[in-house]
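For reference, the structure is listed below as structure tokens.
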Amino acid sequence: MAQKIGRNDPCWCKSGRKYKTCHQAFDAKIARIKEEGHIVPDHDMIKNAEQIAGIKESAKINIAVLDYIAEQIHEGMSTEEIDRMVHEKTTRMGGIPATLNYQGFPKSSCTSVNEQVCHGIPSEQDILKEGDILNVDISTILNGYYSDSSRMFCIGEVSPEKQKLVKVARECIDVGLKEVKPWGFLGDMGQAIHDYAYAHGYTVVREIGGHGVGLEFHEDPWVSYNSKRGTEMLMVPGMMFTIEPMINMGRVEIYIDDANGWTAYTEDGKPSAQWEVQVLVTDDGYEIISY
Ligand code: MF3
Ligand code: CO
């Protein structure tokens, strides 16, 4: 059993303040909500100011790498070239690409083209051509702190159907962010995204979701975008997670490439789009950490 903290003891969050003037009322409120049957976060999901500052330094690299790729990406280049740029830019800025050797993942980024849903592996063989849409997913470690975000890119003239998919996937992030606030639930955000995507005739991938992030690459909670308002984990200030719904133009089913064990594809071969934002729950809403 966890030891009870005295009112005058230092707070568990390491702010240096006394428990009674720091997180005591916060803990009591969470305990009440848990009593009501809700899922609530543990203390180790709450980032303190020092950790948030460190994660923001990591995110500076993550954002700079995405900005750099946005400048450099073009028709005719391979996804391997993108990956090389990611690796060079990240390490030059003092960071480590978090995906490299992560559970055996072989590259410094994920590049997912058209019907690839996510976790595409950069390759010399995959040459970008006019009309392609792709997600470039970047994650960085700096001084042990993790950042993770991704964007979509359109190569040359892209069909109106694909353009719309990319746009709606982006709007799903905005719709989700509006629901990020303390004492709401992750399901508020999940349902908002689900409903928005389905209103446009799209589907939202079920098997793969977002995650807590910051002190590790993938922390609890797992984040669904097929959830229901008022369900899933309570959001409280100091929680940090990703919003990264995969939006399919066609059917919801996906499969994982047997040959590499990583890359997810749409079962029906239709395109999929994904943007990813790393977000912090604050006292009055949210703060974007990486995008
Ligand atoms: N940024 C990706 C995510 O959080 C990374 C997945 S792990 C990888 O979903 F090894 F596939 F890169
Ligand atoms: Co992620």
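The values are calculated or read from the model by the stated rules, or taken from the named source; none is laboratory data. Nothing here was measured: the structure is a model prediction, and the numbers come from that model. Using ideal geometry, Cβ is built from the backbone for each residue, glycine included, and neighbour counts are taken over all protein chains shown. These accessible areas exclude ligands, DNA and RNA; they are computed on the full protein's heavy atoms, side chains included. Shrake-Rupley method; radii C 1.70, N 1.55, O 1.52, S 1.80 Å.
Number of residues in the stretch 193-203 that are open to solvent by less than 20 Å² (accessible area, probe 1.4 Å) and farther than 24 Å from H119 by Cα: the value is 0.
Based on what the data block shows, is G190 within 16 Å of ligand 2 (Cβ to nearest atom) and either within 27 Å of A53 (Cα to Cα) or hydroxyl-bearing (S, T, Y) (or both)? Criteria not met by G190.
Is it true that G187 is within 16 Å of ligand 1 (Cβ to nearest atom) and within 17 Å of the chain's Cα centre (by Cα)? So G187 does not fit the description; no.
To keep it simple, each residue is scored yes or no on (1) without any contact (Cβ under 8 Å) to a residue 60 or more places away in the chain; (2) assigned to a helix (DSSP H, G or I); (3) in contact with a Ser or Thr (Cβ under 7 Å, 6 or more places away or on another chain); (4) open to solvent by less than 60 Å² (accessible area, probe 1.4 Å).
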residue	(1), (2), (3), (4)
I33	no, yes, no, yes
Q51	no, yes, no, yes
A64	yes, yes, no, yes
S108	yes, no, yes, yes
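Of the residues that make up the stretch 8-17, is at least one hydroxyl-bearing (S, T, Y) and buried (at least 16 other Cβ atoms within 10 Å of the Cβ)? No: zero hits.
From the set of residues in the stretch 204-223 that are open to solvent by less than 20 Å² (accessible area, probe 1.4 Å) and either free of Cβ contacts under 8 Å to residues at least 40 places away in the same chain or assigned to a strand (DSSP E or B) (or both), which is nearest to D27 (Cα to Cα)? Top of the filtered list is P221. Criterion first (modelled with pLDDT of 95 or more and assigned to a loop (DSSP other than H, G, I, E, B)) does I193 satisfy it? Criteria not met by I193. Checked against the criterion of being more than 16 Å from ligand 2 (Cβ to nearest atom), under 30 Å from C22 (Cβ atoms) and touching a helix residue (DSSP H, G or I) at 6+ places or on another chain (Cβ under 8 Å), the stretch 79-88 contains not a single residue that satisfies it. One residue stands out among those in the stretch 133-157 that are more than 10 Å from ligand 2 (Cβ to nearest atom) and charged (D, E, K, R): the one that is least open to solvent (accessible area, probe 1.4 Å), which is R151.
Looking across the stretch 262-291, the residues that are within 25 Å of K164 (Cα to Cα) and not in a loop (DSSP other than H, G, I, E, B) come down to A264, Y265, T266, S272, A273, Q274, E276, V277, Q278, V279, I288, S290.
Residues checked against (1) under 21 Å from F153 (Cα atoms); (2) open to solvent by less than 50 Å² (accessible area, probe 1.4 Å); (3) in a loop (DSSP other than H, G, I, E, B):
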| position | (1), (2), (3) |
| --- | --- |
| K4 | no, no, yes |
| A25 | no, no, no |
| I55 | no, yes, no |
| I61 | yes, yes, no |
| V86 | yes, yes, no |
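Go through the residues of the stretch 226-245 one by one and say whether even a single one is out of contact with any Leu (no Cβ under 9 Å at 6 or more places or on another chain), open to solvent by 50 Å² or more (accessible area, probe 1.4 Å) and within 16 Å of ligand 1 (Cβ to nearest atom). Within the stretch 226-245 (the criterion being out of contact with any Leu (no Cβ under 9 Å at 6 or more places or on another chain), open to solvent by 50 Å² or more (accessible area, probe 1.4 Å) and within 16 Å of ligand 1 (Cβ to nearest atom)), the answer is no, since none of the residues qualifies. Hey, does the stretch 251-270 have a residue that's surrounded by fewer than 22 Cβ atoms within 10 Å (Cβ to Cβ), more than 16 Å from ligand 1 (Cβ to nearest atom) and under 19 Å from V136 (Cα atoms)? Yes, because at least one residue in the stretch 251-270 is surrounded by fewer than 22 Cβ atoms within 10 Å (Cβ to Cβ), more than 16 Å from ligand 1 (Cβ to nearest atom) and under 19 Å from V136 (Cα atoms).
Could you check, for the stretch 91-104, whether at least one of its residues is open to solvent by 10 Å² or more (accessible area, probe 1.4 Å), under 28 Å from G156 (Cα atoms) and away from ligand 2 (no atom under 15 Å from the Cβ)? Looking for residues that are open to solvent by 10 Å² or more (accessible area, probe 1.4 Å), under 28 Å from G156 (Cα atoms) and away from ligand 2 (no atom under 15 Å from the Cβ), one finds none in the stretch 91-104, hence no.
Take R170 and tell me if it is open to solvent by 20 Å² or more (accessible area, probe 1.4 Å) and more than 16 Å from ligand 1 (Cβ to nearest atom). Spelling it out, R170 is indeed open to solvent by 20 Å² or more (accessible area, probe 1.4 Å) and more than 16 Å from ligand 1 (Cβ to nearest atom).
Among the residues of the stretch 6-23, the one identified as among the aromatic types (F, W, Y) and not in a loop (DSSP other than H, G, I, E, B) is Y19. Within the stretch 127-167, the set of residues being closer than 22 Å to A199 by Cβ, touching a residue at least 40 places away in the same chain (Cβ under 8 Å) and more than 16 Å from ligand 1 (Cβ to nearest atom) comprises I133, E161, K162, L165, V166.
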